[in-house]
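Chemist: Below is the structure I would like to discuss, written out as structure tokens.
The values are calculated or read from the model by the stated rules, or taken from the named source; none is laboratory data. The structure presented is a predicted model; accordingly, all values stated were derived computationally and were not measured. Backbone-built Cβ (ideal geometry, glycine too); neighbour counts: all protein chains shown. Please note that ligands, DNA and RNA were not included when accessible areas were found on the heavy atoms of the full protein model with its side chains. Shrake-Rupley method; radii C 1.70, N 1.55, O 1.52, S 1.80 Å.
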Amino acid sequence: MQTISNAIQINHCLLKTVLQNAKLVIDATCGNGLDTLFLAENSPVAKIYAFDIQPAAVENTKQQTLPYKNKITYICDSHSNVKKYIKQIPIDVAVFNLGYLPGASHLIMTHTKTTLETLDIMRQLLKTNGIISITAYPGHTEGKREYNALLNYTKAMDKHTYTVGWYQLHNHIDAPALCWIEKQG
Ligand code: SAH
């Protein structure tokens, strides 16, 4: 078992630093609320918006994050509608944990088209030096499509405006992959 080297753990290590001064943080796929809880615990001054299209996921996230409920707005809607809910831009950190909800129907998952459309919106709303973190799961069919599309999408991002890095275990097949996007000044 890896104690620190998988994509999720690396993501959390990196996020801890940027969350310290973050004022506006988005969990674009809150699921069971584990990431939302992590974001709330590690962002002393942030307002957090947690999105999910599944009512059960939003409810699970509420239960998971009860001690922090005053700093979290829970939204049962697609992250593609982010502009409808967030007026107080720019965004400091947006976190996407793609795929399907562990323990729930595998028929409901993030989809390539919506994910890329949302990234188009989210990157515009991001502040200078703001971060978009995406964990992608190439181990299932739609996840692989989404991962490949993200590799292409991020490769084409203008390097003067965005810095993009990827991290993935190299000797595991189809391991979860982490993408970090930082907006440049
Ligand atoms: N971060 C979660 C796991 C996320 S799983 C945790 O820590 O538990 C991916 C989630 O994305 C699922 O709950 C799914 O319902 C949600 N999802 C799929 N499409 C979405 C969309 N367009 N907008 C918001 N959430 C979406």
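Chemist: In the stretch 16-35, which residue that is within 18 Å of residue 87 (Cβ to Cβ) and of a type in the set (A, V, I, L, M) is nearest to the ligand (Cβ to nearest atom)?
Modeler: 28
Chemist: Could you list, in sequence order, the residues of the stretch 76-108 that are charged (D, E, K, R) and over 17 Å from the mean Cα position of the chain (by Cα)?
Modeler: Residues satisfying the conditions are 84, 87.
Chemist: Answer with yes or no whether residue 62 is away from the ligand (no atom under 11 Å from the Cβ) and more than 19 Å from residue 11 (Cα to Cα).
Modeler: Taking the combined requirement at face value, the residue satisfies it.
Chemist: Report yes if residue 50 is within 11 Å of the ligand (Cβ to nearest atom), in contact (Cβ under 8 Å) with a residue 12 or more places away in the chain, in a loop (DSSP other than H, G, I, E, B) and aliphatic (A, V, I, L, M), otherwise no.
Modeler: So residue 50 fails the test.
Chemist: Restricting the first residue to the stretch 147-166 and requiring it to be without any contact (Cβ under 8 Å) to a residue 24 or more places away in the chain and closer than 13 Å to residue 132 by Cα, which pairs with a second residue that is open to solvent by 50 Å² or more (accessible area, probe 1.4 Å) and assigned to a helix (DSSP H, G or I) meet a Cβ separation below 8 Å and a spacing of at least six or different chains?
Modeler: Once the first residue is without any contact (Cβ under 8 Å) to a residue 24 or more places away in the chain and closer than 13 Å to residue 132 by Cα and sits in the stretch 147-166, its partners that are open to solvent by 50 Å² or more (accessible area, probe 1.4 Å) and assigned to a helix (DSSP H, G or I) give 164/155; 166/151.
Chemist: I'd like the full set of residues that are within 13 Å of the ligand (Cβ to nearest atom), out of contact with any strand residue (DSSP E or B) (no Cβ under 8 Å at 6 or more places or on another chain) and part of a helix (DSSP H, G or I), limited to the stretch 83-106.
Modeler: The answer is 84, and nothing else.
Chemist: Out of all the residues in the stretch 72-82, which are surrounded by fewer than 16 Cβ atoms within 10 Å (Cβ to Cβ) and more than 12 Å from the ligand (Cβ to nearest atom)?
Modeler: 73
Chemist: Determine, yes or no, whether residue 173 is within 27 Å of residue 107 (Cα to Cα) and open to solvent by 20 Å² or more (accessible area, probe 1.4 Å).
Modeler: yes
Chemist: While we're here: Go through the residues of the stretch 119-137 one by one and say whether even a single one is more than 30 Å from residue 21 (Cα to Cα) and open to solvent by less than 40 Å² (accessible area, probe 1.4 Å).
Modeler: No, the stretch 119-137 has no match at all.
Chemist: Right, another one. Here are 154, 163, 128, 141: which of them is in contact with a Cys (Cβ under 8 Å, 6 or more places away or on another chain) and more than 23 Å from residue 55 (Cα to Cα)?
Modeler: 154
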